[in-house]
Structures are given as C-alpha cells and as structure tokens.
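Bear in mind that the values in this text are calculations on the coordinates, not laboratory data. Nothing here was measured: the structure is a model prediction, and the numbers come from that model. Cβ placement follows ideal geometry from the backbone for every residue including glycine, while neighbour counts extend to all protein chains displayed.
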Amino acid sequence: MHMIYPLILCGGMGSRLWPMSRIDQPKQFQPVSGRGSMTYFQTTVQRHRGPQFHDPIVVTNQGHTDLVHQQLGEIQCGGQIIGEPVGRNTGPAVLAAALNVLQSDPAALLLVLPADHIILGDLNTTILSMADAAADGLIVTFGIKPAYAETGYGYIIDGGDMGFHRGLHHVSSFVEKPEAQVAQGLIDGGKSYWASGISLFSAAMIAAEFKRLEPDTYAAVLASVLGATRGAHGITLDLASFRKARNEPTERSVFEHSKAVCLAPITVQWDDIGAWAAVYDVSAKSDTGNVTSGDVMAMDTTNSLIRSDGRLVVVVGLDDVIVVDTKDALLVTNKAHAQKVKQVVEALKSKNRPEVVSHAYATKPWGGVEDLISQTGYKLEMLTVRPGSTAQINGHGVGASFLSVVAGEGSYLEDHAQPSQSIGMGAMLAIDKDTQVSLTNTQAVDLQALLLSTGQLGKSRDVVHHD
C-alpha cells in the first residue's frame, strides 16, 4: 500500500468572491456556508484524511502560515507548512514541496490539490487506485467530464486507453481556457475533460522532470529549499533564490511536455468556485431556489444567493440576485454579472480602500479582533483571545486606551512587569499611550474584551500576537 501526501496549494486571493475574500484573508480560508462552518481549505484537508494519507503538506503565502496552522489545529490535523516569500504560480510551489519532502521520504507520492474547490462525490477511490501508477513513474492528471462549454477552465483531450494501467488514458493535448465555440466543439467531440487541477505523482518523478525541462527553475527552487528558514509553524523559502524561478503553472512547465503524463477520468460534482454564481450552483437550495446563510429573510424572492455575516438582511420581490453582506461591505448583483466583481476589486484597489485588504473582523493566531466603531478621535474593538493564547495591546493616541473584559478570565502584564495580575468579567484596565499590555487567556473558553482607544489614532495602533 502506497501512502500519499496531500499537497494543498493555498495561493491567490479569489477576488471574484469579494467581499468574503480579501487579500489578507482570501477565499480558501473563508467558511463555505457562512460563519461557523468549515473553510474551503479545511474541507479540502478533511476530504483526504484516512489510513492511506499522510498529514498534508501546505504551500501558502508566508503571511498566511499562522492562519494555516490555526485552521489545521481547529480540525485536529498536523501537517508541513511551506511559506512562499513571493508568488511564482503552481510550478515552483509543487517543486518546492517535492524537494522538501524528498529529504525525509525518497518514495513520497504527492497528491496536488487546490485549496478552494468544491467537490461532491467519491474522489478518493479513483485517486487511491492510481497510486501504483504514480509509484511506477507516471504523472496522473484527473479529468472531469464537462457538464457544459465553460470558457474559464482548461481541458484535457483523451488520447485513448493506455492498457497496462486500468482506468488510465493517454493525453492527446491540453487546451487552456478556449473560446466558447471551441469549448463547445470539444464537448461535442466527446473526448475532452475539464482539467481539475488535481494530479498524483512521485516527488522524485516531478523533481526529475523539472530538472530536465526547466533546469533554471529547478536550481532556483532547490536553492530556496536548502536556504529556507524555519519558523514557529514551518519553513519559509529563501526569497533571493525563489524569485528566480519561472512564474508558470505545473501544467505548462511539465505536463504539456512530459511523456509520463496520463489521464484518469473521475465522476464527481466539481467546481473551482471562481465566482458567486458558482457558489450558488453547488449549494443546497430551498423550494424557491434560494441559497441562504446567516440572519436572512427572503420574501417573494427566488433563485438567489443571500448571505449575512451579522445583521438581518431582507430581500423582497427579486429573482436571480446575489447579496453578500459582511461587517464592512455589501455586494448586490445578479448572477449574470457575478464575474465583474473582479473589476470592482481592481477599482477598490486603485482607491486604496481597506475593504479589499482585510475584514472588519480579522482572524489572528491568538484569536481575533473586530472593529465595532471607528470615528475621528476614538475607536472601539472587540478582542477574542483563545484559551492559552496571548494578545499584546499597544497603547497609542493622545490619551489612554481602556480594556474591559466582557466574557472569560485571564491575566495581564504591563510592559512585561512581574508578577502578572488577574482580570475577569467586568474589570476595566486603563492603558497609557506608551504602555504595552500582554493579555493572556487562562481559562478553557474564549476571553472577550472591549478595547476603546482615544485620541488621534494612527496606522501604528495594532493588536498583535505576543510571542
């Protein structure tokens, strides 16, 4: 039996899923069905857990390594985390993971998985049946029978049964995001599959193919792995070396040129969730065709997606609309224009709008911070500190800040002075502008506290993790 390492790629922002997806908190780390549900990344991890799978290897932006560690912990899963100092597409990311795991497991098999896809159905049976082929040196790509002529997907053209590995087919060619007429022709031909972005191969084989086909990228990524720095939750690749790697996907760098590539068709419901219309398509619907989450009322409304992350959202007398309400931004569109959300994000970026960067509620390794009120001269936030974690609060402004515990218990240190002092529900602590306070949750439930900051507040006022 061959054990498989799920290799989960966690790059990109998913701008067409704004306002849920932000630069600092992209879609893969957002809940699939609203607050309280598992994230896209977590559902990907859960899909490939079992006796034939190792804990995952996760490649992500170096700024998201703490978030990956946190979300793995929430589902009681270990894993190896590799931080990218700069984005270089999937090719260098896959190669970095392969070269890293080869240091400890020369026979490793890697199952490449995008972190933000929705898959319904039995995927693992087909994957596990291809482990022997991957161990024999084949690069197995998984194709999905297309349901319609989608122009935003890549296609794999079936080249016929390979014969010596049951279920495997030759690859005739790859077609990347064809025009509508070409896509329809591919479907009418009956020999094309959507490229799922999922593939299986040995780490040694993919490394060897990169070395043969992309020697400069191979050398750059190898140097970045050997020069990687180790942090609290994994490694970060060396920037100077990694940035020299060619910015290309694995398909273009290797798959399109390797004789080892083959196709394994799979029958599942799959979507890469590129826009809100896709979220609607793959979600369970009410009798009126609506998909709702959060505090929502839909009256005389049909075939719509309505999400609320907090306040009540009421939609009356509409059809085929998308409404997504977050703490700091509201999106209203119809499904036909869902792809244009990406243009909205670009326009917001050009205006340096903070709503593109992060949510009003920011998830931190120690808990989270939510902006409640922000006005000239003062700001009110709610801090949530997880059990056993510590948040550092920096006093800023022309006057004091005030911390009031509203749930839970903990302890605090002012400017690292000893000993620590206890603090519980109802207690209030004044924090001078030049003082740092470390707030620790000493209980088994979340500690929540209101933080009121006064005076002329600058960008430097932050609540950060205290190591």
The chain: angle of helix 215-226 to the longest principal axis, Cα-based, in degrees nearest 10: 40
Give the cross-link partners of K327 among the lysines, using a straight C-alpha distance below 24 Å as the criterion and excluding same-chain residues fewer than 8 apart. K27, K335, K340, K342, K349, K351, K364, K379, K459
Arranged by the count of other C-beta atoms within 10 angstrom, fewest first, what order do H416, H69, H64 take? H416, H69, H64
If the only charges are +1 at each Lys and Arg Cβ and -1 at each Asp and Glu Cβ, what is the size of the charge dipole of region 361-465 around the Cα centre, to the nearest 20 debye? 180
GluC sites (Glu not before Pro) in region 121-204 lying in a DSSP loop, each with at most 11 other Cβ atoms within 10 Å of its Cβ, come to E179
Quick one: what are the phi-derived ³J(HN,Hα) couplings along region 311-319, Karplus 6.51/-1.76/1.60 with θ = phi - 60°, whole Hz, x for glycine and proline? 6, 5, 10, 10, 10, 10, x, 10, 9
Given charges at beta-carbon only (K, R positive; D, E negative), |dipole| of the chain in Debye: 580
For I4, residues with placed amide H under 5 Å, excluding near neighbours: F53, H54
Ranked by how many other beta carbons lie within 10 Å on average, peptides 366-377, 189-200, 347-358, 258-269 from highest: 189-200, 258-269, 366-377, 347-358
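Where both residues lie in the chain, what percent of DSSP beta bridges are antiparallel, nearest 5? Don't skip to the end; give the middle numbers.
Numbers: 76 of 112 bridges.
Once the DSSP bridges in the chain are tallied, antiparallel ones form about 70 percent.
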Separation of region 255-292 and region 332-408 by C-alpha centroid, Å? 31
Using a 10 Å cut-off around each Cβ, can you sort K335, K27 from fewest to most neighbouring Cβ atoms? K335, K27
Enumerate the calculated ³J(HN,Hα) couplings along region 89-104 in order (Karplus 6.51 cos²θ - 1.76 cosθ + 1.60, θ = phi - 60°), each rounded to whole Hz, writing x wherever the residue is Gly or Pro. 6, 6, x, x, 5, 5, 5, 4, 5, 4, 5, 5, 6, 5, 5, 10
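What do you get for chymotrypsin sites (Phe, Trp or Tyr not before Pro) in region 110-180 restricted to DSSP loop and a cutoff of at most 14 other Cβ within 10 Å of the site's Cβ?
Values: sites: F142, Y148, Y153, Y155, F164, F174; in loops: Y148, Y153, F164.
For chymotrypsin sites (Phe, Trp or Tyr not before Pro) across region 110-180 that sit outside H, G, I, E and B with at most 14 neighbouring Cβ atoms in 10 Å, the list reads Y148, F164.
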Given (1) 22.5; (2) 23.4; (3) 24.3, the label whose value is Kirkwood radius over Cα pairs in Å derived from this model: (3)
